[in-house]
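Remarks on the structure that follows.
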Amino acid sequence: MQAIDWKSAGWEELAPHVGRIRLPGWDCTAGLVVGADAALLIDTGSSLREGARLRADTRRLLAAGARVTHIALTHPHFDHVFGTAAFAGVEVFGAAGIDTVFAGGGADALRADAVRHGLGPDLAGEAAELLVTPAHRVCGERTLDLGGGVQVLLANVGPGHTGHDLAVLVSAPPPAPETVFCGDLVEESGEPQAGPDAVPHRWPAALDRLLSLGGEDARYVPGHGSVVDAAFVREQRATLAARSGVS
């Protein structure tokens with residue numbers, strides 16, 4: 001596989017085949033994993049405009065003629081899913097049950113939440129109208145082979161931050177480190193946010209699952225903030241356990 005110039009596109013390199021960007025506004029992470037045959041985008045931003053920006057970025061980062069082929073949505077909050085419709089012809093994955101959040105009045109509830117958090121009503125309405133429900137719902141684990149020795153494990157590790165939390169473990173031939181995209185199960189730029197759809201008493205167990213996936217030496221990528229290590233995840237687990245009164 002050809003080398004990727006992450007820096008020139010304003011992305012942070014996590015491994016030769018793995019990068020991420022912290023999007024403006026809500027400091028939300030989007031990640032990209034590049035194999036020899038396919039490319040996976042992790043989360044799509046807070047609007048179709050942000051999704052289009054990610055689409056343009058990925059086209060610059062990927063080899064000529066290549067494109068994003070898969071999308072993994074870590075959880076059903078507007079700042080992580082509203083840009084999905086900017087990508088045509090991709091396979092979209094989410095945790096089992098995410099479709100129930102998007103069904104019925106779910107899109108309108110996401111629109112209202114986005115507006116409450118400061119997204120313009122027109123942008124929020126446009127994204128809600130074109131909201132993409134993942135066709136592939138992960139119950140347990142699913143492995144995607146992106147080619148060239150790059151594999152990703154999609155793991156339904158929740159509930160925790162929401163009822164439908166999906167983590168992404170990226171593995172590649174050594175010496176590349178393993179990378180775990182955590183969604184908002186882990187946050188570094190502020191305290192973990194527990195909204196009305198959070199399941200606080202199950203959240204510590206979800207972090208135990210993350211740690212069992214990545215182990216001591218992995219890099220853990222939070223939904224918001226800087227990349228952290230296993231010690232940070234354990235500390236956040238202890239804080240959440242004390243807050244919810246579980247061991």
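The values are calculated or read from the model by the stated rules, or taken from the named source; none is laboratory data. Quantities reported herein were computed from a predicted structural model and do not represent experimental measurements. Side chains included, ligands, DNA and RNA excluded: accessible areas come from the protein's heavy atoms. Shrake-Rupley method; radii C 1.70, N 1.55, O 1.52, S 1.80 Å.
Show that you can apply the helix-only estimate: for the chain, add -39,500 (n - 2.57) for every DSSP H stretch of four or more residues, divide by all residues, and state [θ] at 222 nm to the nearest 500.
Mean residue ellipticity at 222 nm (helix-derived): -8500 deg cm²/dmol.
For the chain, what % of the accessible area comes from carbon and sulfur atoms, probe 1.4 Å? Mind showing how you got there, number by number?
On the way: 5130 of 10190 Å².
After summing per-atom areas, the C and S share lands at 50 percent.
Where in the chain are the DSSP H helices whose C-alpha atoms run 18 Å or more along the long axis and whose mean Kyte hydropathy is at least -1.0?
230-244
What is the extension gain from His117 to Glu129, computed as 0.36 nm multiplied by their sequence separation minus the C-alpha to C-alpha distance, in nm to one decimal?
Details: separation 12, 0.36 × 12 = 4.32 nm, distance 1.81 nm.
Full-extension gain reported as 2.5 nm.
How many angstrom lie between the C-alpha centres of the stretch 24-66 and the stretch 67-95?
Value for the Cα centre distance between the two parts: 10 Å.
Of the beta bridges DSSP finds with both residues in the chain, what % are antiparallel, to the nearest 5?
Working: 29 of 42 bridges.
Within the chain, antiparallel bridges account for around 70 percent of the total.
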